[in-house]
Amino acid sequence: MVEECCRVFDEDPMLFRFLLLVQHHSLQRVEGPESPVEVVRQVIEGGMARGEIRKDDPELGAALVMGIIIQPATFKTYGRLAGPMLPLASRLTAACWSILQA
């Protein structure tokens, strides 16, 4: 999932940046069972149920994972990080696993 987010950022940066920048204004319009936040929460909840990650609050887990992905994208949007997102995917994935095990 992390790698796909990075790939989408690189392949369609205008769309990704638009979604990133309007998320606070428009998030209520995409809430529901297939919203990105809900999908991430469900994946985390499933991992907890299977014992793959530590049991905790799946909402907090989703927030932390989304932050790990969204903040570097935000930094790239504002020119604070150079280059494409895809090369960061393995580091971001490792950070997600780490935060979910903490």
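For residue 97 and residue 35 in one chain, what is 0.36 nm times their gap in residues minus the Cα-Cα distance, to one decimal in nm?
Fully extending the segment from residue 97 to residue 35 adds 20.2 nm.
Helix 13-30: angle to the longest alpha-carbon principal axis of the chain, degrees 0 to 90, nearest 10?
It works out to around 50 degrees.
Return the long-range amide H neighbours of residue 81 (sequence gap of 5 or more, or a different chain), with a cut-off of under 5 Å between placed amide H atoms.
Close amide H contacts, sequence-distant or interchain: 76.
Give the peptides 71-79, 4-12 in descending order of average Cβ contacts within 10 Å, highest first. Write down the numbers at each step before the final one.
Working: 71-79: 14.6, 4-12: 16.4.
Per-residue mean Cβ counts within 10 Å order the peptides as 4-12, 71-79.
For the Cα atoms of the chain, what angle does the longest principal axis make with the long axis of helix 2-11, in degrees from 0 to 90, nearest 10?
The angle comes out at about 10 degrees.
May I ask for the equivalent-ellipsoid semi-axes of the chain, computed as the square root of five times each C-alpha gyration tensor eigenvalue and listed largest first in whole Å?
Three semi-axes, in Å: 23, 17, 11.
If the chain between residue 22 and residue 43 were fully stretched, how many nm would it gain, using 0.36 nm times the residue separation less the Cα-Cα distance? Could you put the intermediate results ahead of the total?
Working: separation 21, 0.36 × 21 = 7.56 nm, distance 2.43 nm.
Stretched fully, the residue 22-residue 43 segment lengthens by 5.1 nm.
Can you find, among 53, 5, 86, the residue farthest towards the positive end of the dipole of the chain? Put +1 on the C-beta of Lys and Arg, -1 on that of Asp and Glu.
Comparing the listed Cα positions along the dipole, 86 ranks first.
With +1 on each Lys and Arg Cβ and -1 on each Asp and Glu Cβ, how big is the dipole of the chain about its Cα centre, in debye rounded to the nearest 20?
Result for the chain is approximately 340 debye, rounded to the nearest 20.
Bear in mind these aren't lab numbers, they're just calculated from the coordinates by the rules spelled out. Small disclaimer: the values here were computed from a predicted structure and weren't measured. No Cβ is skipped: glycine too gets one built from the backbone with ideal geometry, and neighbour counts run over all protein chains shown.
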